[in-house]
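Where a number appears in this text, it was derived from the coordinates with a stated rule and is not lab data. As the structure is a prediction and not an experimental result, all values here were calculated from the model. Here Cβ is always computed from backbone atoms with ideal geometry, including for glycine, and neighbour counts include all displayed protein chains.
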Amino acid sequence: MSAANPSTRIDLRVDPYKKSIISRAAAMLGINITQFIMERVFPEAERIVAEGNRTRLPKEEWEKFCAKLDEAPKDLPELRRLMREPSIFVKS
């Protein structure tokens, strides 16, 4: 999701040397510092968030997980009864 007119600021504190290097790199690419940082930081942030949303299991645990999915469901009389009742979210 991108915004044509971003309205939120991020303030960074960096030492003068790092700012100089970032400024020079941005200038070499013909973009401003904000563009330089966003073009490099945002994709990495998206990758980290996506990676954090994944579940990884060792092979043995994965096989146990898949076996549980393949098992027949437990009989839950209360759930069966509840599913026969009209939904509170649907107008009668």
List, in order, the whole-Hz ³J(HN,Hα) value for each residue of the range 50-61 obtained from phi through the Karplus relation with A = 6.51, B = -1.76, C = 1.60 and θ = phi - 60°; use x for Gly and Pro. 4, 4, x, 8, 9, 9, 10, 10, x, 3, 4, 5
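Counting Lys and Arg as +1 and Asp and Glu as -1, each charge on the Cβ, what is the dipole of the range 7-92 about the Cα centre in debye, to the nearest 20?
Rounded to the nearest 20 debye, it is 300 debye.
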Using the Kirkwood formula on the Cα atoms of the chain, what hydrodynamic radius do you get, in angstrom to one decimal? 19.6
Taking LYS68 as the anchor, which aspartates and glutamates have their alpha carbon closer than 16 Å to its alpha carbon, excluding any fewer than eight residues away along the same chain? GLU60
First select every other residue whose beta carbon is under 14 angstrom from the beta carbon of ALA26; then total the charges, Lys and Arg +1, Asp and Glu -1. +3
222 nm [θ] for the chain, helices only, -39500 (n - 2.57) per DSSP H run of 4+, per residue, to 500? -19000 deg cm²/dmol
Compare the Cα positions of PRO58, LEU12, PRO73 along the charge dipole of the chain (+1 at Cβ of Lys, Arg; -1 at Cβ of Asp, Glu; about the Cα centre) and return the one farthest towards the positive end. LEU12
